[in-house]
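Just so it is clear, none of the values below were taken in a lab; they were calculated from the coordinates. Quick caveat, the model's predicted, so the values are computed rather than measured. All Cβ positions, glycine included, derive from the backbone under ideal geometry; neighbour counts span all protein chains shown.
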Amino acid sequence: MAQTTITTDALIIGGGIAGLQAAIDLADQGFRVLIVEKESSIGGKMIALSKVFPTLDCSSCICTPRMAAAAHHENITIITYCEVRQVNRNGKDFIAQIVKKPRYVDEAACTGCRLCEYACPAEAPHEFEGNLGARKAICVPFANAFPQTALVDLDNCLLCGRCEAACPTGAVNFLQEPEEIEVQAGTIVIATGFQMTSMEAKPEYGLGRLRNVLDPLQVERLLAPHGPYGRVLRPSDGKVPEKVAYVQCAGSRDRSLGVPYCSRVCCMYAIKQAMLLAGALPLVEVTIYYMDIRAFGKGFEQFYQNAKAMGIEFVKAKVAKITEDGQQNPVVRIEVMEEDGRVEERTHDMVVLSLGIVPAWKPDGVLSVKIAHDGFILSPEPKLAPCRTDREGVFVAGTAAGPKDIPDSIVEAGAAALEAAAYLRRSRQAIGAYANDCAGHAPTSITQVGYS
């Protein structure tokens, strides 16, 4: 296994919007920054979204320039498709052991021409499209990915060699091995992001079993102009949905799933998607089943009122289970909470579960920082210094610290970058020692007592 050593000022774990913002802010101050990302491209969850609330701005139009700025910054190095195995303290620096997984494509030789992808006969579900579309066994992850380098999926590869023969630069290499990288860094920013709540413990909601019960990231791809179908269609039969339902708190505020907290963004992304569906499908009927609407942020309440004015139906109800009829239409069984508590069943063409947010990465056995009772990285001073962890020199940004929306994640990333920069300056600057003039000694030159 090949071994490499990298020395840098700051190590950013995670290449989503928070990690990118923290890296750019540090690099702009002259610090050398290394971003390590577990996926095959930077961009995180945000690059897969259609639009963002409450302004309905294009998500890619915000995220892609940040990706490009980080990719082309002279002080930033990016390593994708890798895993942080261990982080230890060595004096004032951190030593991180990282394993870069093989892509089976030489990143330096690959031009992103996709000729290998066109030649490949094997197909597999496309993870970036929420498994709603198909991709080849060798492909560039998505259109605006960085790096624009193909990746071989050996689990679905036929080993036919057509991609290798089609590559004009000879970049395909099925003998590529993992690479060990040792990183010496002065500070660390954890920006590992989130993942959606698993619903395996709630089979009564039908996610993964009923084809027309979707998660919110799948709907984001349906709403995207360059999504898997090019327009909004339900997965089972390609029909344009006429009745769509959202089930709120499906994976949040639920102790049986180990997620007793509110995930903060679910109400607003459901309202956003409902408004976008109403815009894309003028005849669609959208119903949101909710326990409470928590529109806490700037402009959120008006956003909620705008949705009601558009004709989106809000029903205060608890959803017991979701089944389907003979035409694969989801049937939602609810208890209406606003009236007499009656139980009724409603049929829809498509149902979306507003899943909650849980940590995407746990530091157990890798980096000795404490986690809070909810599983996110602990901030000992959440009011005065929310970006600090219990370990000096290690900071946290974005949803690695807890559920929050995109603006809060970006602001917190900037704060983490400032904290990290201040820490680097404190730990590495020389300290001047002056003679005591009050004791009658003549002034002398400064004696430097430095740490580096």
Among beta bridges assigned by DSSP with both residues in the chain, the antiparallel ones amount in percent, to the nearest 5, to 55
Ordered by fewest other Cβ atoms within 10 Å, a rough proxy for footprinting exposure, LEU207, LEU154, LEU367 read LEU154, LEU367, LEU207
Would you calculate the separation in nanometres between label points at LYS308 and SER236, each defined as 7 Å from the Cα along the Cα-to-beta-carbon direction?
-> 3.2
Quick calc: nm separation of the 7 Å Cα→Cβ label points for THR347 and ALA201 -> 3.4
Rounded Å value of the spacing that divides the Cα centres of the range 205-240 and the range 92-153 | 23
What number comes out for the charge environment of ASP25, summing +1 per Lys or Arg and -1 per Asp or Glu over other residues with Cβ under 13 Å away?
-> -3
So for the pair VAL411, ALA372, with labels modelled 7 Å out along Cα→Cβ, what separation do we get in nm?
-> 1.6
Which whole-number percentage describes the relative contact order of the chain, with Cα contacts under 8 Å and a sequence gap of 6 or more?
-> 17
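Assign one of three labels to the range 292-431, namely rounded, prolate or oblate, based on the Cα gyration tensor with a ≥ b ≥ c the square roots of its eigenvalues; rounded applies when a/c is under 1.5, prolate when it is not and a/b is larger than b/c, and oblate otherwise.
Note, shape of the range 292-431 comes out prolate.
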Note: the range 260-352, point scatterers on Cα, Debye, no solvent; log10 I/I(0) at q = 0.16 Å⁻¹ equals -0.74
What helix-only [θ] at 222 nm does the chain give? Using -39500 (n - 2.57) per DSSP H run of at least 4, over all residues, to the nearest 500, the answer is -6000 deg cm²/dmol
Taking every pair of alpha-carbon atoms in the chain, give the share separated by more than 36 Å as a whole percent.
-> 36
Starting from the Cα of ARG211, step 7 Å toward the Cβ, then list every residue of the range 343-380 with an amide N under 11 Å from that point.
-> none
For the range 287-334, what is the per residue volume of the convex hull drawn over the alpha-carbon atoms, in cubic angstrom?
-> 87
Counting only DSSP beta bridges with both residues in the range 197-357, what percent are antiparallel, rounded to the nearest 5?
-> 45
Cα-Cα longer than 18 Å, checked against LYS202/LYS318; LYS51/LYS202; LYS51/LYS316; LYS202/LYS308; LYS38/LYS404, kept in input order, equals LYS51/LYS202; LYS51/LYS316; LYS202/LYS308; LYS38/LYS404
Toward the positive end of the charge dipole of the range 197-357, about the Cα centre and with charges on Cβ (Lys, Arg +1; Asp, Glu -1), which of PRO225, VAL352, ALA250 goes farthest?
-> PRO225
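Which whole-number percent is the relative contact order of the range 353-413 (Cα, under 8 Å, 6+ apart)?
On the way: 71 pairs, mean separation 16.0, N = 61.
So the answer I get is 26 percent.
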